[in-house]
Amino acid sequence: MATSIARFSRRGVASNLIRRYFAAEAAVAVKTEAPKPKPTVSPSPDRVNWDYRGQRQIIPLGQWLPKVAVDAYVAPNVVLAGQVTVWDGSSVWNGAVLRGDLNKITLGFCSNVQERCVVHAAWSSPTGLPAETLIDRYVTVGAYSLLRSCTIEPECIIGQHSILMEGSLVETRSILEAGSVVPPGRRIPSGELWGGNPARFIRTLTNEETLEIPKLAVAINHLSGDYFSEFLPYSTVYLEVEKFNKSLGITV
């Protein structure tokens, strides 16, 4: 009887030792198990670097790419799309949109399109005139104006919040008052002041007034030069730093 009891006790001890051994081996296996490698995704060499910003300044459409002269000032938040040509000395100010998606838009020498203007062009003009939008040299287009398939000859002033519809023509050395609306096909004769909705003849411009029209365009061109220098790679902040160092007597 004692022998059988001792035999069973030895079996129980051996089984406990075997269980402990395998438990220890399992714990070591869990600890030493190599971490799973994280999956990596390599970019394709054909991937296009898209520009996901909210707004782009130059938007090519099909075969048409906007053309901007080297010394023309175009504000950073301006949109030029399609068949747009901005000539030398001209300026396009903050928030303006020039949409040349249907026809050509030309901004001539030393002309300016001010803030929040919209310039567009239709497929065709009901008057039979060219449907493209032409803003000739020394023209000032006031802020918040809307121009569509119209022609503005040299040395004109378009007042703020004005609307020029399809086929309208503003002849040289003319002035439109602020808030004027020029209906489709309407012609503004040379050397006259027009205004109202629809635009009506007010009076003939004096010689002094006609001489001031290109001077305004030149003054805005000079002003745009100051803004243009601020958008150089390092802007003009270095001038302020030099003044500050000089005031403190620091030599660089």
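Pairs linking a residue in the stretch 172-185 that is farther than 22 Å from Ala217 by Cα to a residue that is of a type in the set (Asp, Glu) and open to solvent by 10 Å² or more (accessible area, probe 1.4 Å), with Cβ atoms under 6 Å and 6 or more positions apart or on different chains, are Pro184/Glu166. Against the numbered list (1) touching a residue at least 24 places away in the same chain (Cβ under 8 Å); (2) under 16 Å from Leu216 (Cα atoms); (3) not β-branched (Val, Ile, Thr), Glu166 comes up short only at (2). If the requirement is being exposed (fewer than 14 other Cβ atoms within 10 Å of the Cβ) and touching a residue at least 12 places away in the same chain (Cβ under 8 Å), which of these qualifies: Phe244, Phe231? Unique residue meeting the criteria: Phe231.
On the stretch given as the stretch 115-149, residues that are of a type in the set (S, T, N, Q) and touching a residue at least 40 places away in the same chain (Cβ under 8 Å) total 4. The residues on offer are Val74, Val113, Val78, Val70, and the sole one that is of a type outside the set (Ser, Thr, Tyr) and modelled with pLDDT of 95 or more is Val113. Within the stretch 86-99, the only residue that satisfies the criterion of being buried (at least 24 other Cβ atoms within 10 Å of the Cβ), touching a Phe, Trp or Tyr at 6+ places or on another chain (Cβ under 8 Å) and without any contact (Cβ under 8 Å) to a residue 60 or more places away in the chain is Val92.
The values are calculated or read from the model by the stated rules, or taken from the named source; none is laboratory data. This structure is a prediction, so every number in the text was calculated from the model and none was measured. For neighbour counting, all protein chains shown are included, and Cβ atoms are generated from backbone atoms with ideal geometry for every residue, glycine included. Each accessible area value is taken on the protein alone, full model and side chains, heavy atoms only, with ligands, DNA and RNA left out. Shrake-Rupley method; radii C 1.70, N 1.55, O 1.52, S 1.80 Å.
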